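For reference, the structure is listed below as structure tokens.
The values are calculated or read from the model by the stated rules, or taken from the named source; none is laboratory data. What you are looking at is a predicted structure, and each value in this text was computed from that prediction instead of being measured. We place every Cβ from the backbone using ideal geometry, glycine too, and count neighbours over all the protein chains shown.
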Amino acid sequence: MKKILQFLFEHKTLGRAQAKEILMNISSGTYNESEIASFITVYLMRSITIEELQGFRDALLELCVKIDFSNYSTMDIVGTGGDGKNTFNISTLSCFIVAGAGQKVAKHGNYGASSISGSSNVMEQLGYRFKNDKAQLEKEIDKANICFLHAPLFHPALKTVGPIRKNLGVRTFFNMLGPMVNPASPDFQLIGVYSLEMARIYNYLLQHTGKAFTIIHSLDGYDEISLTNDTKVITNAGERIMTPEQLGKRMVSAEDIYGGNSVDEAAKIFLKIIKGDGSWAQNAVVLANAAMALHCTGKFKNYEDAYSAAVESLESGKAYGTLQTLTSLQ
């Protein structure tokens with residue numbers, strides 16, 4: 001590792017094969033914690049290249065415990081995290097609204113490394129038990145339209161670096177990797193990113209998968225549709241800027257979408273919203289993200305129709321019913 005670090009400290013970059021080999025070695029325990037922390041820190045001081053990101057992704061996918069959901073047409077809604085905004089669990093809530101609208105969801109998530117409550121934190125708090133048993137996960141998708149894939153159970157490398165990421169407490173390149181290594185390889189993805197540079201990298205990588213995707217970035221730095229500012233929306237077909245009024249009928253303030261100070265608080269906010277008791281601002285943000293996800297599937301004529309389906313899922317109680325069904329299967 002000393003040689004690799006020296007190489008990187010000289011402002012050189014890794015090739016795809018080199019990057020893959022290093023992440024394979026991290027996973028197998030070749031390096032100690034200090035070496036891994038130093039390696040991660042390099043990418044806090046400079047941008048990651050597409051080749052490096054591809055290599056890291058290749059390693060995670062090769063080592064991954066894969067889960068075959070090819071009998072289903074699944075979707076994932078996921079943010080890179082690391083935007084430092086501490087919002088409530090918008091992506092995870094959106095997944096339940098999408099599942100309530102009839103779309104199968106294979107949600108990939110992890111504990112928060114740089115935030116108080118990641119998707120895994122809130123799911124665990126709500127009584128979900130993490131697993132990588134295919135039969136059980138399929139049962140959840142069949143009966144509840146949704147299952148949750150806790151990243152460390154599928155990615156040995158993520159298990160190794162988890163404590164280091166938590167101790168660092170800042171955004172790392174693992175935030176960038178998460179959305180690209182869903183072990184179920186979903187057919188549709190709504191991915192939120194924390195910067196325009198990241199949006200460009202994702203656009204390049206996702207164009208090569210041949211799958212339907214939508215990348216979103218709020219221009220004031222959120223890795224989701226926040227409705228606090230305009231949103232850059234990138235799809236297979238191109239890109240555009242959309243306003244809060246177009247996406248969620250209204251603009252909201254940062255305080256409206258705050259996520260609380262603990263996992264317990266985050267779970268309470270989650271339950272309040274999914275039961276239909278959220279504030280108009282909380283509802284508007286969740287519905288906009290869910291609508292964009294539904295629109296990505298191509299099953300709706302336009303965004304407005306997808307938005308109506310999201311509203312119906314939340315207001316009819318179908319989204320909450322989905323959560324109740326899922327937790328009853330644990």
Inset, instruction - Find all pairs meeting these conditions: Cβ atoms under 7 angstrom apart; at least six residues apart or on different chains; first residue within region 225-242 and farther than 22 Å from residue 88 by Cβ and touching a residue at least 60 places away in the same chain (Cβ under 8 Å); second residue among the β-branched types (Val, Ile, Thr) and part of a strand (DSSP E or B). - result: 235/214
Inset, instruction - For region 162-203, name all the residues that are among the β-branched types (Val, Ile, Thr), touching an Asp or Glu at 6+ places or on another chain (Cβ under 9 Å) and modelled with pLDDT under 95. - result: 164, 193
Inset, instruction - Could you list, in sequence order, all residues of region 257-280 that are touching a residue at least 60 places away in the same chain (Cβ under 8 Å) and surrounded by fewer than 15 Cβ atoms within 10 Å (Cβ to Cβ)? - result: 261, 262, 264
Inset, instruction - Pull up region 286-299, narrow it to residues that are in contact with a strand residue (DSSP E or B) (Cβ under 7 Å, 6 or more places away or on another chain) and assigned to a helix (DSSP H, G or I), then point me to the one that is surrounded by the fewest Cβ atoms within 10 Å (Cβ to Cβ). - result: 296
Legend entry - Pairs where the first residue, in region 117-140, is without any contact (Cβ under 8 Å) to a residue 40 or more places away in the chain and the second is outside any helix (DSSP H, G or I) and acidic (Asp, Glu), C-beta under 6 Å, 6+ apart: none
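Sort through 265, 239, 224 and tell me the only one that's among the charged types (D, E, K, R), assigned to a helix (DSSP H, G or I) and either in contact with a strand residue (DSSP E or B) (Cβ under 9 Å, 6 or more places away or on another chain) or assigned by TED's automatic domain parsing to the domain that holds residue 90 (or both). Outline the logic, then answer.
Numbers: 239 fails: assigned to a helix (DSSP H, G or I); 224 fails: assigned to a helix (DSSP H, G or I).
Matching residue, one of 265, 239, 224: 265.
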Inset, instruction - Specify the residue that is modelled with the highest pLDDT; the eligible residues are those in region 83-102 that are assigned to a loop (DSSP other than H, G, I, E, B) and buried (at least 24 other Cβ atoms within 10 Å of the Cβ). - result: 101
Legend entry - Selected residue (only one of 137, 158 is assigned to a helix (DSSP H, G or I) and touching a strand residue (DSSP E or B) at 6+ places or on another chain (Cβ under 7 Å)): 137
Inset, instruction - Being surrounded by 24 or more Cβ atoms within 10 Å (Cβ to Cβ) and more than 17 Å from residue 274 (Cα to Cα) narrows it down to one of 78, 170, 122, 181, so name that one. - result: 78
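Kindly establish whether residue 164 is under 27 Å from residue 32 (Cα atoms) and in a loop (DSSP other than H, G, I, E, B). Outline the logic, then answer.
On the way: under 27 Å from residue 32 (Cα atoms): yes; in a loop (DSSP other than H, G, I, E, B): no.
The answer is no for residue 164.
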Legend entry - Qualifying positions in region 1-51 - in contact with a Ser or Thr (Cβ under 8 Å, 6 or more places away or on another chain), more than 21 Å from residue 169 (Cβ to Cβ) and part of a helix (DSSP H, G or I): 5, 27, 51
Inset, instruction - Say whether the condition of being buried (at least 16 other Cβ atoms within 10 Å of the Cβ), touching a Phe, Trp or Tyr at 6+ places or on another chain (Cβ under 6 Å) and within 26 Å of residue 221 (Cα to Cα) is met by at least one residue in region 308-315. - result: no
Inset, instruction - Would you confirm whether any residue within region 147-161 is among the aromatic types (Phe, Trp, Tyr), out of contact with any Lys or Arg (no Cβ under 6 Å at 6 or more places or on another chain) and in the same structural domain as residue 81 (by TED's automatic domain parsing)? - result: yes
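What number of residues within region 201-221 are assigned to a strand (DSSP E or B) and polar (S, T, N, Q)?
Step one: of region 201-221, the residues assigned to a strand (DSSP E or B) are 212-218.
Those still in the list that are polar (S, T, N, Q) too: 214, 218.
Here the count works out to 2.
Residue 283 - would you say it is surrounded by fewer than 24 Cβ atoms within 10 Å (Cβ to Cβ), assigned by TED's automatic domain parsing to the domain that holds residue 203 and at pLDDT below 95?
Details: surrounded by fewer than 24 Cβ atoms within 10 Å (Cβ to Cβ): yes; assigned by TED's automatic domain parsing to the domain that holds residue 203: yes; at pLDDT below 95: no.
When the stated conditions are applied, residue 283 does not pass them.
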